[in-house]
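The values are calculated or read from the model by the stated rules, or taken from the named source; none is laboratory data. Predicted, not measured: the structure shown is a model, and the values here were computed from it. Positions of Cβ are backbone-derived with ideal geometry, glycine not excepted, and every protein chain shown enters the neighbour counts.
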Amino acid sequence: MKISGFTFIRNGQKLDYPIVEAIKSILPICDEMIVAVGNSEDDTLGLIRGINSPKIKIIETIWDDSLRANGKVLAVETDKAFTAIAEDSDWAFYIQGDEVIHEKYLPVIKAAMEQYLNKPEVEGLLLKYLHFYGSYAYIGDTPNWYRREIRVVRNDKKICSYRDAQGFRTTDNQKLNVKLIDAYVYHYGWVSSPEQQKIKMIGKARYWDSDEEIQKFKVQIQDFDYSKIESLTHFEGTHPTVMLPRIEQESWLFDFDIQQKRLSTKNRFKMWFEKLTGRRIGEYRNYRLI
């Protein structure tokens, strides 16, 4: 069984993405790692080269900044990396620049790949999510956070990235048949200093919004404050080992009273129902569980 990892990145340093940690987190079970490095305003290319692994294959790309609607350019760049993986690979393991896999889940993920290797009806593997917010000590606990997404797909070029690269579908727009596995993606996209988070949000907005909308957005987030979130809970586990040096450098203070709930009646009911049944009302599912 051969496994290819793949990802894309642009302005990884400027926007403070844990892209090196993301790549290193899945590298142990990958036979190769394709990294599509876009034209950047910083030394993202040097950052990726600095990982210095023979498994890494870098492809340099130019982003089409006109593809702003719904973050389409992100899917285009994902597909560039996916297309570049080795033809003889069986599985493709996707990771985004702000996602990291804990090393304890690598055996679980690899075992699932082996289990379903000769079952072509399984087109992908669905992973669970933890969304960190404000600091490395808190995670989101409301229905606003997506709880699952496809991160492993077969090496089948009939599969492509969907919309803003959150998930995958077939080229004729069919949802993939997937198996849910007991492994988590640690999403750190909302963890950096408040000042850096503003820079990141503006940087990401350029892939969705017009120049005029971006200017309005810059004004709106001047008072960005992590504490305005409606609800969080404490993270009780351990972080991936590759993240520990970054966590030790945390230089801002964020403290949140987890008893403070500013939930709408709708979200209160949704959370109660999910806790009771394990099902999430109105959940967006870009996949078919089999």
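Things worth noting here:
- Arg246 vs. criteria within 24 Å of the chain's Cα centre (by Cα), under 20 Å from Tyr17 (Cα atoms) and modelled with pLDDT of 90 or more: yes
Residue by residue, here is whether (1) assigned to a loop (DSSP other than H, G, I, E, B); (2) touching a residue at least 12 places away in the same chain (Cβ under 8 Å); (3) among the β-branched types (Val, Ile, Thr); (4) exposed (fewer than 12 other Cβ atoms within 10 Å of the Cβ) holds:
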position: Met243; (1), (2), (3), (4): no, yes, no, no
position: Ile247; (1), (2), (3), (4): no, yes, yes, no
position: Ser251; (1), (2), (3), (4): yes, yes, no, yes
position: Leu263; (1), (2), (3), (4): yes, yes, no, no
position: Met271; (1), (2), (3), (4): no, yes, no, no
position: Ile281; (1), (2), (3), (4): yes, yes, yes, no
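- Pairs meeting the criteria (first residue in the stretch 126-145 and free of Cβ contacts under 8 Å to residues at least 40 places away in the same chain, second residue of a type outside the set (Lys, Arg) and outside any loop (DSSP other than H, G, I, E, B), beta carbons under 6 Å, at least 6 apart or on different chains) are Trp145/His131.
Each row is one residue, and each column tells you yes or no for (1) farther than 22 Å from Leu125 by Cβ; (2) surrounded by 17 or more Cβ atoms within 10 Å (Cβ to Cβ); (3) touching a Pro at 6+ places or on another chain (Cβ under 9 Å).
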site	(1), (2), (3)
Asn11	yes, yes, no
Leu15	yes, yes, no
Met33	no, yes, no
Ser40	yes, yes, no
Asp43	yes, no, no
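- Val185 vs. criteria over 30 Å from Asp255 (Cβ atoms) and at pLDDT 95 or above: no
- Some residue of the stretch 157-169 being surrounded by 17 or more Cβ atoms within 10 Å (Cβ to Cβ), over 16 Å from the mean Cα position of the chain (by Cα) and part of a loop (DSSP other than H, G, I, E, B): no
- Which numbered condition Lys128 fails, given (1) of a type outside the set (Phe, Trp, Tyr); (2) crowded, with 19+ Cβ neighbours inside 10 Å; (3) under 30 Å from Glu248 (Cβ atoms); (4) within 12 Å of the chain's Cα centre (by Cα): (2)
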